[in-house]
Structures are given as structure tokens and as C-alpha cells.
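Okay, so here's the structure we're looking at.
The values are calculated or read from the model by the stated rules, or taken from the named source; none is laboratory data. Treat the numbers as computed from the prediction; the structure is a model and nothing was measured. Cβ placement follows ideal geometry from the backbone for every residue including glycine, while neighbour counts extend to all protein chains displayed. Note: accessible area is taken over every heavy atom of the protein model, side chains too, but ligands, DNA and RNA are not part of it. Shrake-Rupley method; radii C 1.70, N 1.55, O 1.52, S 1.80 Å.
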Amino acid sequence: MVAEQFVTPFWLDLAATALGSVQGAMFAAQFKDKRLDLLGVGLIGVVTGFGGGMLRDLLLNQVPAALQSNWYIPVAIAAALVGMLLERLFTRLNVVITILDAVSLGLFCAIGASKALSVGLPVVPAVFVGIAAAVGGGMLRDILLGMPIGVMHVGSLYAVAAGAGAIFLVAATAAGSDITVAGIGCVIVTTLIRLLAVRFGWSLPEQRTISTLRRLRRQKSA
């Protein structure tokens, strides 16, 4: 299935990149014991900002969008420095940051999934690319910090929210919906699931072996 690409205004792409960089730098700045210097914090912020988009384009064998403009890298660097210097201020705005983060998650997912469809990928790989684009920046951030990857642990529904949004997009496109409508729907679905997960503490069940489940059941029945 070949579809049009969901296109967002250039300023919105830059804003989403900047938000990711701010969050990445804020996250890195919290780890005083790692003794990160200014360059280290800035680099992690930049990678968080457009890492997902670069991963998306590499999967699609294309030149990363962040390298096709003079704006992405400077904006990401500036936003990372602001996030590091104003960490305490942004922490107080945690609710606003969380909402904007959920929206940017949906935007990256919609752009990634629709771009995969536009180059002729089947729907399942397109969903995968959408998820990778949405969570790729956070994954690279955790790898650089030498931490467990957040999307793989209990308590994070980033990938689940992105997956639901990507599935909505490909299903709506397959049903003949306009790509803009499908893209906006993807953003809404992803944002809602992520915010509801934060609000109500939703998470996937922790992995258990069959023997562990049997032991837990025996303990409950005892």
C-alpha cells in the first residue's frame, strides 16, 4: 500500500525536536553522579531530540531529515542547553512538559508511519517504523547514559501508545481516509493513551515464567 506522507509545518517539526532535546538534557542533568560535562549533557539532549527521526530515515534508507536543513542541529543544541540550565524551572512545569511530550510522541509516530507507507512498505513494517520513530530518541538517550532502556520496562507505555496510534493511521489509510485526517487521528490516539497511562499508572504486566506464575497462584491460595 502506497500512501501520501503526513506532513507537518516545518516550525512544528522544529518545536517537537526542541522539546525532545529539552527533555533529554533535563533527564541527563539529574544524574550528578555520572559527572557529565556540558558537552555530554548537550549531546544527549540533541540525540534525544532527533534520534527517532534519524532512526526512521535510516530504516527507510534515506538521508536523515535533520541533515537536510541548517535548522535542526542548532535548534536541538540550543534547546538542550536551555533544558540543562533551566532544569528546575522546567521540573515545575512537569504537567505541561508531559502533555507536550505525549503530543510530540504522536507527531513522530504519525510522520514515521506515513513516511514508511509513502515509500511502499507494507502495513506491519510501517507500524514498526512509526513506533521506532516515536521512541527512538529516548532509547538512544538511555543507551548513551548506560541505563536500562525505559520502553522495555514496566511502567512505560510509550511504545504501546505509539503502536496504537500507528495502527490507527494504517487502518484509516487502508479504509480510504485522507492522510491528514489519519495523521491527526494517530496523534490524538497516541497522546490520549500516553496521558491516561501517566494519570492512572497503567503498565503492561511484568514478564513471568510459567513456574513463577504457578508459585504465585499457590501463595495466593494458601
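Worth pointing out:
- Backbone phi angles across segment 191-196, fed through the Karplus curve with coefficients 6.51, -1.76 and 1.60 (θ = phi - 60°), yield HN-Hα couplings of 4, 4, 5, 5, 5, 5 Hz in residue order; Gly and Pro are listed as x.
- When the chain is treated as a GNM with alpha-carbon contacts under 10 Å, the residue of 173, 17, 91 showing the greatest mean-square fluctuation is 91.
- Derived scalar couplings between HN and Hα for segment 25-33 equal 5, 4, 4, 5, 5, 6, 8, 5, 5 Hz in order, rounded to whole Hz, by the Karplus curve 6.51 cos²θ - 1.76 cosθ + 1.60 (θ = phi - 60°), x for Gly and Pro.
- Rolling a 1.4 Å probe over the protein chains gives residue 71 an accessible area of about 150 Å².
- Karplus 3J(HN,Hα) series, Hz, for segment 166-182 with 6.51 cos²θ - 1.76 cosθ + 1.60 (x for Gly, Pro): 5, 5, 4, 4, 5, 5, 5, 5, 5, 7, x, 6, 4, 5, 5, 5, 5
- Principal axis dimensions, segment 11-74 - Cα atoms, whole angstrom, descending: 38, 24, 15
- Which of 179, 203, 60, positive extreme of dipole for the chain (C-beta unit charges): 203
- Over the chain, equivalent-ellipsoid semi-axes from the Cα gyration tensor in Å: 28, 26, 15
- Solvent-accessible area of segment 15-151 (1.4 angstrom probe, protein heavy atoms only): carbon and sulfur portion equals 69 percent.
- What the chain shows is 54 Å² of accessible area per residue, with the surface traced by a 1.4 Å probe over protein heavy atoms.
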